[in-house]
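Undergrad: A single structure is presented below for examination.
The values are calculated or read from the model by the stated rules, or taken from the named source; none is laboratory data. Keep in mind that this is a model prediction, so the values were computed, not measured. Here the Cβ is made from the backbone with ideal geometry for all residues, glycine too, and neighbour counts use every protein chain on show. Keep in mind that these areas ignore ligands, DNA and RNA; they rest on the heavy atoms of the full protein, side chains included. Shrake-Rupley method; radii C 1.70, N 1.55, O 1.52, S 1.80 Å.
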Amino acid sequence: MDSHPDSSTPDASASKDAAKVTIADVARQAGVSKGLVSFALNDRPGVSAETRARILSVAGLLGWTPSLRARSLSSQRSFALGLVIARDPEVLGSDPFFTSFIAGVETILAPEGLALVLSVVPDEKTELATYRTLVADGRVDGVFLSDLRRDDARIPCLTELGLPTVTLGRPDQPSPFPAVSIDDTQGIAESVRHLSSLGHRRIAHVAGSAAMLHGRRRRDAFTQAMQAAGLGQGQVVETDFSIAAGADATRRLLRQAEPPTAIVFANDPMAIAGIGVAQELGVRVPDDLSITGFDDIEFARYVYPALTTVGATPMVWGRAAASTLLGLIRTGSAEDVELPAARLIVRGSASAPPPY
C-alpha cells in the first residue's frame, strides 16, 4: 500500500530547468520513493491509480522528460536506427533521393523520440565492418538496407548478426528480412512508350550501375520496352548515377554521327545535367532532344523546360520503411510492403522529334 503526506501545488522546484529535472525531484515533490516514481512513469504494476495520476501530474508540472540514456540502460535498447550507405560522399550529396528518404524516416522516428544513425562509407568491406561495429557497440536497434546488389554480402552478414533489418527493394537471394519495395520498371517502360508515341526512334538510356539491382532492373526495363516498341535494344551508357557521369554520357551521345533524339535517364540529377549539356552544345530541349528522368525530385519541376520524369515518392518510401522496421523491432515480425508503382509524370522536356 502506498502512502504520502499532504501534497500541495509544486513549489520553487517547479521552476527548475526542465533539462535537469530528475526522478528524485519528482519523488520529492510527490512525497513518494524514487522506485515508485519509476514504476509509475514506466507504467509498471504496483502503483495505485490515484498515486500514478498524482506522480504523472507532478512530473508534467516540473517539466520532467525521460532520459534516453536511462531508457537505453534499463531496456537494453539504443533507441536509434541505422542507415549505412556505400557511396562517394560527393555523389551522395548531389542526389536528393536520400535526403527525401531520410526526411520520410524522420517523420516516423521524431515523434517516437528515436534517432537515425547515418554512416557513409567508401566500399563494401568497410560497410560490413560498420554493421559489426554498430552491433558490438549496441548503437542501433535495426537498420535500413539500401542499394541492393547482386548476391548481396550484407544479407548473410546481417542475418548472422541478428540485427533487425528492412530491405529497400527485394534481394535477388533468400532473405529473412521484410522488404519495402516499389516497382520502378513500369515508369521506365512508360517513358519509352511515351517517347515512341511521340515519334522517337533513336532513344538512348543513361543507366545507373549494373552492380545495383535497381540500376540493372531499370536498364532491363528500358531494353524490353524498346524491343516491345519494335525499336531494337536501344543504346545504353552505364554510369555511377552521378551528375558528372550523366553530363559526360550526354556529351558522348550527342557528339555521335547519329545522336539520339531522346534520352531516358536513370535518375533526375543526371537528366537535369543532360538538359544543361544539351543547351551548352546548342541542342534545344525538347525541340531537338527529348529528356526524361526518374525520382521526381523537387527541383525537377523548376528547371526549364520542366522535367518529364517518373515519380518514385522517396519520402513515402522512407515513412513506410521506418514504420515497418519499428514494427519488426517491437513484435519480431513484419510483412513485406509493396508501394504503388512509380509512374510517368509528363512535363515539358519531351515532345515530338525533329523531322528526320
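Undergrad: Using a 1.4 Å probe, how large is the accessible area of TYR131, given in Å² and rounded to the nearest 10?
TA: TYR131 has an accessible surface of roughly 0 Å² with all protein chains in place.
Undergrad: Helix 96-112 against the longest principal axis of the chain: what's the angle in degrees, Cα atoms only, rounded to the nearest 10?
TA: It is inclined by approximately 20 degrees.
Undergrad: Also: Please identify every one of the trypsin sites (Lys or Arg not before Pro) in segment 209-270 that sits in a loop by DSSP and has no more than 16 other beta carbons within 10 Å of its own beta carbon. Please report the intermediate quantities before stating the final value.
TA: Values: sites: ARG216, ARG217, ARG218, ARG219, ARG251, ARG252, ARG255; in loops: ARG255.
Listed in order of number, the matching sites are ARG255.
Undergrad: Give me the extension gain from LYS125 to GLU335: residue separation times 0.36 nm, minus the current Cα-Cα distance, reported in nm with one decimal.
TA: Numbers: separation 210, 0.36 × 210 = 75.60 nm, distance 2.96 nm.
This chain segment gains 72.6 nm when fully extended.
Undergrad: Round to the nearest 10 and give me the degree value, 0 to 90, for the angle of helix 314-331's Cα axis relative to the longest principal axis of the chain.
TA: 40 degrees
Undergrad: Over 33 Å apart: what share of the alpha carbon pairs of the chain falls there, rounded to a whole percent?
TA: Distances greater than 33 Å cover 44 percent of the Cα pairs.
Undergrad: If you don't mind, there's one more thing I want to ask. Taking the Cα centre of each part, how many Å lie between segment 203-243 and segment 269-342?
TA: Cα centroid to Cα centroid, the span is 16 Å.
Undergrad: For q values of 0.13, 0.14 Å⁻¹, compute log₁₀ I(q)/I(0) with the Debye formula on a Cα-only model of segment 71-182, without solvent.
TA: Relative scattering, expressed as log10 I(q)/I(0), comes to -0.49, -0.58.
Undergrad: Just to make sure I understand: if all protein chains stay in place, what is the order of PHE98, PHE299, PHE39 by accessible area at 1.4 Å, largest first? Before the final figure, lay out the partial values.
TA: Numbers: PHE98 10, PHE299 120, PHE39 75 Å².
If we order PHE98, PHE299, PHE39 from most to least accessible, we get PHE299, PHE39, PHE98.
Undergrad: How much accessible surface area, in Å² rounded to 10, belongs to the heavy atoms of ARG347 with a 1.4 Å probe?
TA: About 60 Å², ignoring ligands and nucleic acids.
Undergrad: Provide the solvent-accessible area of ILE23, counting protein heavy atoms only and rolling a 1.4 Å probe, rounded to the nearest 10 Å².
TA: Taking all protein chains as shown, ILE23 has close to 50 Å².
Undergrad: 222 nm [θ] for the chain, helices only, -39500 (n - 2.57) per DSSP H run of 4+, per residue, to 500?
TA: On the way: 13 runs with 153 residues, N = 356.
Counting only the DSSP helices, I get -13500 deg cm²/dmol.
Undergrad: Right, something else. Which distance in nm do the two modelled labels at LEU198 and ASP88 give, with both placed 7 Å along the Cα-to-Cβ direction?
TA: 2.9 nm
Undergrad: Of all accessible surface on the chain at a 1.4 Å probe, what whole percent is carbon and sulfur?
TA: On the way: 8820 of 16570 Å².
Carbon and sulfur: 53 percent of the exposed surface of the chain.
Undergrad: Multiply the residue gap between LEU231 and GLU50 by 0.36 nm, knock off their C-alpha separation, and tell me the result in nm, one decimal place. Intermediate values should be presented prior to the final figure.
TA: Details: separation 181, 0.36 × 181 = 65.16 nm, distance 7.66 nm.
Working it through step by step, the gained length comes to 57.5 nm.
Undergrad: Next up: Going by alpha carbons, how many degrees (0 to 90, nearest 10) lie between the helix axis of 213-228 and the longest principal axis of the chain?
TA: Taking the Cα atoms of the chain, the angle to 213-228 is about 40 degrees.
Undergrad: Restrict the search to segment 84-168; then list the trypsin sites (Lys or Arg not before Pro) that DSSP places in a loop and that have at most 12 other Cβ atoms within 10 Å of their Cβ.
TA: On the way: sites: ARG87, LYS125, ARG132, ARG139, ARG149, ARG150, ARG154; in loops: ARG87, ARG139, ARG150.
Filter output for segment 84-168: ARG150.
Undergrad: Sticking with this structure for a sec: Sort THR223, THR309, THR133 by accessible area with a 1.4 Å probe, largest first. Can you show the working numbers first?
TA: Values: THR223 30, THR309 0, THR133 70 Å².
The residues order as THR133, THR223, THR309, largest area first.
Undergrad: Sticking with this one: Take TRP317, TRP64 and sort them by solvent-accessible surface of the protein heavy atoms, 1.4 Å probe, largest at the top. Numbers along the way, then the final one.
TA: Details: TRP317 30, TRP64 60 Å².
The ordering from most to least exposed comes out as TRP64, TRP317.
Undergrad: In Å², what does the accessible area per residue of the chain work out to with a 1.4 Å probe? Spell out each step's value before the answer.
TA: Working: 16570 Å² over 356 residues.
With all protein chains present, the chain gives 47 Å² per residue.
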